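Some notes on the structure that comes next.
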Amino acid sequence: MLSPQRPQILGQRKPTPTIPHTAMAGDSRRAIGMEARRNNIVVVAAVAEVLKTSLGPKGLDKMLVDKDGIIYVSNDGSTILNKMAVDHPIAKMLVEAANAVSSEVGDGTVSTVILVGALLKNCEELLNKKIHPAILVEGYIKASEEALRLMNENAITISPKDRKALKPVAMTAMTGKLVSEDKGHLADLVVEAVLKVAEKTDDCLHVDLDNINLQKRSGGSLNETKIVEGFAFFREIAHIDMPRRVMNAKILVVKGELRLEKRGKTRHYERGIVLETPKQVSVFTDQLAETFRKIAEKIANLGANVLIVEKGIDPHLLQHLARFNILAIRRVVIEDLERIAKVVGANVVAFLDDLSPEDLGAAQLVEERKLAGQPWLFFEGCAKPKLVTIMIRSEQDYALDEAERSVIDTLHAVRNVLKKPKVVAGGGASEIEAAVKIRRWAEGLPSREQLAVNSFADTLESIPLALAENSGLNILDIQMELRSRHLRGEIGVGVDAMDGRIADMVRMKIFEPLLVKEQVIKSALETAIAILRINDYIVARKLVGSEFYEKQKEESTKPERIKKIHREYGVEGPYT
Ligand code: ADP
Ligand code: MG
């Protein structure tokens, strides 16, 4: 962050040989060396401060309102970071770090940002003592390796098929604000779902979370949430005369729409053809009906009795499909469409011209069932059966979103344990233990590196301290007590965030996957080092005129953004 009070006008600085100041436009700004680093540290500290209060089960939510007025309430690190309007390139590096952790292990985003923030803040003091960043980096790398070694050593190995051992990990990951009875129920379901889709590989159980279909719908209560094998989603059959239950289903999955082409707001036949006599009108409509009948016939002749279409289906075609006893579903979001295709073993087709029976998928049963008065469509006995659906139910939308987020975190946690069946004590216990041990280990190192290692140890402590702070505890007291009890060998002692006290995390069964801890430490270190290495910061000139509008247009039409808006407004699939 370049402070506005002290703008670096390049003309006042000695020009460097690499970028002569005359080569830079007048509105460019630049900060060099220590100043650039200090500015970057301020930015990271500001973002870390925002996220710190969201850590752990007592973490608070952030309310974010985007520029379209859509409101998000979340305590998930990557959601908050991605929604926060961060302009500063260094803050964007943090967002990337959180996203990287999230895509690797699906959890640990807040911890990562807290660690990067603490690491840089702690190293600022050392930079002030004129320790060169290269020495710091070296010390940090050594310290992190030792910390990871210690965590590995202290980790508890669990049997990946042992439901009883997996449940505590699921419970710990479920930090959302759900009542404990619901948490238990959801944790059981998640463990069940993950084990159902797990596949044995050489050395571990592999879980493709794409095989777990999460569907949420208001109505009913959270403890009515259940899992079913196969695919299910909230969907009404497109026409009243269509069958509600199809045995031995042969399923055709179509991407795009089955309608006459639409141009602007009118259909081209309404606009481009002039019909002058009643006879012409009747010939035209007859031909139209005939065209749709042929399409329906073609689908029926292929052997399909279920049709899934991404966008709209013409009402005329629906009638004909109903006559051929075909069950049709329209406006299916692309993710659901692809998942259905995968589970029933169908090829997604875009044209109806060259269909072949191999394009069809199969399921023993496709059926509409009412749950709490709402129509759900079930696909059971599918060709590729490794898919389960978790149907999340709740009265309030807020609880529904919260439950969904918790379930997603928990799915990742359980998946991570199956990938690497080792867990560490949560509540900051593993961090404190590593911190205490690496301080002792550093005593044998040269003094400058020792400073760096100690500063890394302080950084690790920021996790239990943030948990303590969020539970309303006095962090100084907690820090002293945690350190001394770990020095006495109580390696499981951490912060019991729920009850606001220090307790043995192993006894309380608060466990986290080792994989997450490893990823968090590695990513935080990489990001902090990348930021430390920057010693020159140049703000490029402003975009002018059309350049600016081009950039703005590019931003606002990003497909992910449009898709999100559609979903938030409850629009399923593109408009018809
Ligand atoms: P992140 O985005 O980093 O995963 P979370 O908000 O999920 O952040 O918090 C994770 C932290 O909360 C971990 O350090 C974990 O050990 C801790 N934690 C979870 N449940 C408890 C609990 N009941 N008591 C103490 N700490 C807990
Ligand atoms: Mg978490």
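The values are calculated or read from the model by the stated rules, or taken from the named source; none is laboratory data. Note that the coordinates shown come from a computational prediction; the quantities given were computed from them, not determined experimentally. No Cβ is skipped: glycine too gets one built from the backbone with ideal geometry, and neighbour counts run over all protein chains shown. With ligands, DNA and RNA removed, areas are computed over all heavy atoms of the protein, side chains included. Shrake-Rupley method; radii C 1.70, N 1.55, O 1.52, S 1.80 Å.
Just a few scattered comments:
- Pairwise FRET efficiency - Thr157 versus Ser447, Cβ, R0 = 41 Å, nearest 0.05: 0.60
- Each Lys and Arg Cβ is given +1 and each Asp and Glu Cβ -1; about its Cα centre, the stretch 299-434 then shows a dipole of about 380 debye.
- Lys/Arg +1, Asp/Glu -1 at C-beta; the stretch 335-394 dipole; positive extreme among Ala341, Gly361, Cys382: Cys382
- Relative contact order computed over the chain (Cα-Cα under 8 Å; 6+ residues apart), in percent: 24 percent
- Relative contact order of the stretch 54-201, defined on C-alpha pairs under 8 angstrom at six or more residues apart (%): 15 percent
- About its Cα centre, the stretch 398-506 has a charge dipole of approximately 580 debye under the convention of +1 per Lys or Arg Cβ and -1 per Asp or Glu Cβ, with nothing else charged.
- Principal axes of the stretch 302-403: Cα extent on each, largest first, Å: 46, 32, 22
- Residue among Gly472, Gly139, Gln319 farthest towards the positive dipole end of the chain, charges placed on Cβ: Gly139
- Accessible surface for the chain, divided over its residues, is 49 Å² per residue with a 1.4 Å probe.
- For the chain, the carbon plus sulfur part of the accessible surface works out to 53%, probe radius 1.4 Å.
- For the stretch 206-250, the alpha-carbon radius of gyration amounts to 1.52 times the rule-of-thumb value 2.2 N^0.38 Å expected for a compact globular protein.
- Taking packing as the residue-averaged number of other Cβ atoms within 10 angstrom, the listed peptides 144-155, 422-433 run from highest to lowest as 422-433, 144-155.
- Sorting the Cα pairs of the stretch 89-128 by distance into bins of 10 Å, from 0 upward, gives 30, 46, 21, 4 percent per bin.
- Helix-only mean residue ellipticity at 222 nm for the chain, each DSSP H run of n ≥ 4 adding -39500 (n - 2.57), per residue, nearest 500: -16000 deg cm²/dmol
- Extent along principal axes [Cα atoms of the stretch 416-466; Å; largest to smallest]: 41, 24, 13
- In the calculated pair-distance distribution of the chain, the portion above 42 angstrom amounts to 37 percent of the Cα-Cα pairs.
- Computed over the alpha-carbon atoms, the stretch 104-187 gives an Rg to Rh ratio of 1.14, Rh here being the Kirkwood radius from the mean inverse distance.
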